Amino acid sequence: MRENEISSFRIMKYSLTFFLFFFVITQFLGCNTDDIKDAIEEEFVDFAEPLDETTSKPSDPARVLPPNPTGCPNWEKNILNRVTESLTLPEGCKYDRVRILIENESDLTLDCNGAELNGLDKEFRQAVGVPYSASDAPSDIGIRILSLETIPSGNVTVKNCVITNFLTGISVQTVFIDETIADLKNNINAEVVEDHLRNSSLKNVRLENNIINYSHRNGLFINRYITGLVVDNTTIKYTSGAGLYLESGSQSNIIQNSVISENGHSIYDSGERVRKRILEKDAREGIAIDSSAMNTIQNNTFAKNSGGGIFLYKNCYEYHTSPTSLPRYQSANNNVITGNKFEDQRVGVWIASRQSKDLEAFNCGIPKIATDTVRYGPVEEDIFIYEDFAKFNNVNSNTFIDVIKGIIVEDDNNTINGNKFSGDVDYDVQIGTKYRTEALSKPVTDTKITNNEFNSSASEHVRVIYDSVNTVITGNIPATVNN
């Protein structure tokens, strides 16, 4: 979380160091400092490729929508409009800066019938690097489905909505009481408390046939301890951060038959009200499975997401000194990723994606396991490494086309079975992790790579590195992969 602070911290630190470097050079060469700064950044700092999109300008006037058809709800701008009973909108409803709240409701269906909800007063969001004014900044959440821990709710369906330009398109959340938060924070009967929260959280939420585009943060955010949620036949595209986020403690959710593409290219800074460029190594994924377990991700298409398709990890209890931050007790275990198509992106599926990631800026609440130094051109940078946890996941019967690094595995007891790989790639499957192996003498163990079909350009379809042990590689095509 707080991606904007993390990214801004890194970019500011790199920029300051580079500035000092090129300032000294310019004293000797008398060169244009802007040209040198740009050259250094392009040479040594890799930014995520920006999204090609139509944007609005701050000077563009707010658009004026025509009157809605008869029967459209009289939802007001810039407030939370509550939906308290099942509702089907007539065709053609269209709203700017309207936010919807479904709170503590059960057995309720909101059928937008194609209605459009826009988080801005303009059709398009502003370009990366162009700040919004306070009055023009995007609305926070398009549709918020909410319950209190003390008021169990469920069987809520939201379907056929077109949601554009909000900070977050749809959020599903249960709000905890203070005593529960204190118990979680202090690790008092945490396992019992987590089970209680899963039993008390929103149940059986269905999100069907929605389109969520151009969110400034996340397209769809599934908050902590949500269980039994289904996302079906939904499109999530052009989101600045992760397209869909499964938060800590959530379980047994299903994401299926959906298109999740072209997400993760920039980052939104709430303080400055601006989307910013993001470093390539911090680019976000289509689906983030953060300390979430036993989910099924099936029959979806993932394409051109900036960081990759699906990343599984256990959050390091980042910003642990913040009063609003809570520890993560559950790992990203026992998830099933099946029948999906991954194409044209850097990574398809990354299991334990933060095992080797620099988390210095995250202010983690768990002990770090290693430090290292990396070099960016003339600059040396210290990095902090923390152990990550994502076990017993099953990645099976998926198709990977032109995915540069198809599947990366950096934790134990994961299965890669029956997948097909093709196209121009670096490698199809990589098993192993550097820092945990070296610092804790815990190489990746017990990975099963079975019955896959490798038709890609990779010279090494399966890479087993950093002394990974008990890796079973059998039944794959071509047979040479099994040796």
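No lab work stands behind these numbers, since they all come straight from the coordinates. Worth saying up front: this structure is predicted, and the values here are computed from it rather than measured. Glycine also receives a Cβ, built like all others from the backbone with ideal geometry; neighbour counts cover every protein chain displayed.
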### Query
Once the dipole of the range 46-353 is set up with Lys and Arg at +1 and Asp and Glu at -1 on Cβ about the Cα centre, which of H320, T235, F47 lies farthest towards its positive end?
F47
### Summary
Contour minus Cα-Cα span, N483 to R206, at 0.36 nm per residue, comes to 95.2 nm
### Query
Amide H to amide H, which residues 5 or more places from I226 or on other chains are under 5 Å from it, using H placed in the peptide plane?
S250, Q251
### Query
What whole number of Å gives the distance from the Cα centroid of the range 178-208 to the Cα centroid of the range 419-441?
34
### Query
Residues in the range 91-114 near a label at N155, defined as backbone nitrogen under 12 Å from the 7 Å Cα→Cβ point?
106-109
### Task
Collect residues whose amide H, placed 1.01 Å from N in the peptide plane, falls under 5 Å from the amide H of K341; neighbours closer than 5 in sequence don't count.
N300, T301, F302, T399
### Query
By count of other Cβ within 10 Å, fewest leading, how are T150, T445 ordered?
T150, T445
### Task
Scan around D140 for amide H atoms under 5 Å from its own, H built in the peptide plane at 1.01 Å from N, and keep only partners 5 or more places away or cross-chain.
L167
### Query
R0 = 51 Å: FRET efficiency of N470 with S325, Cβ-based, nearest 0.05?
0.90
### Query
If you take every DSSP beta bridge whose two residues both sit in the chain, what share of them, in percent to the nearest 5, is antiparallel?
10
### Query
Gain in length, N189 to A439, computed as 0.36 nm per residue apart minus the alpha-carbon separation, to one decimal in nm?
86.9 nm
### Message
Between the range 69-109 and the range 360-401, what is the separation of their alpha carbon centroids in Å?
### Response
42
### Query
If you rank I100, I310 by fewest surrounding Cβ atoms within 10 Å, what's the result?
I100, I310
### Query
With no solvent and one point on each alpha carbon, what is the Debye value of log10 I(q)/I(0) for the chain at q = 0.05, 0.09, 0.13 Å⁻¹?
-0.19, -0.64, -1.29
### Query
To the nearest 500 deg cm²/dmol, what mean residue ellipticity at 222 nm is calculated for the chain from DSSP H runs of n ≥ 4 alone, each contributing -39,500 (n - 2.57), summed and divided by the residues?
-4500 deg cm²/dmol
### Task
Provide the per-residue ³J(HN,Hα) series for the range 344-359, in order, calculated from phi with Karplus coefficients 6.51, -1.76, 1.60 and θ = phi - 60°, each as a whole number of Hz, with x at glycine and proline positions.
6, 8, 6, 9, x, 10, 10, 8, 6, 6, 10, 5, 10, 8, 5, 10
### Two-site FRET efficiency, D382 against T55, from Cβ-Cβ distance with R₀ of 45 Å, rounded to 0.05
0.75
### Query
Size of the dipole of the range 202-314 about the Cα centre, Lys and Arg at +1 and Asp and Glu at -1 on the beta carbon, nothing else charged, in debye to 20?
160
### Task
Read phi for every residue in the range 237-243 and hand back ³J(HN,Hα) as whole Hz from Karplus 6.51 cos²θ - 1.76 cosθ + 1.60, θ = phi - 60°, with x for Gly and Pro.
9, 6, 7, 5, x, 5, x
### Residues D46 and T84, FRET efficiency given R0 of 51 Å [Cβ-Cβ distance, rounded to 0.05]
0.55
### Task
Using only alpha carbon positions, build the gyration tensor of the range 358-460, then give the equivalent ellipsoid semi-axes as the square roots of 5 times its eigenvalues, largest first, whole angstrom.
29, 19, 11
### Task
Just subtract the alpha-carbon distance of E123 and V336 from 0.36 nm times their residue separation and send over the number in nm, one decimal.
72.9 nm
### Residue exposure sequence - K357, K281, K434 - by fewest surrounding Cβ within 10 Å
K281, K434, K357
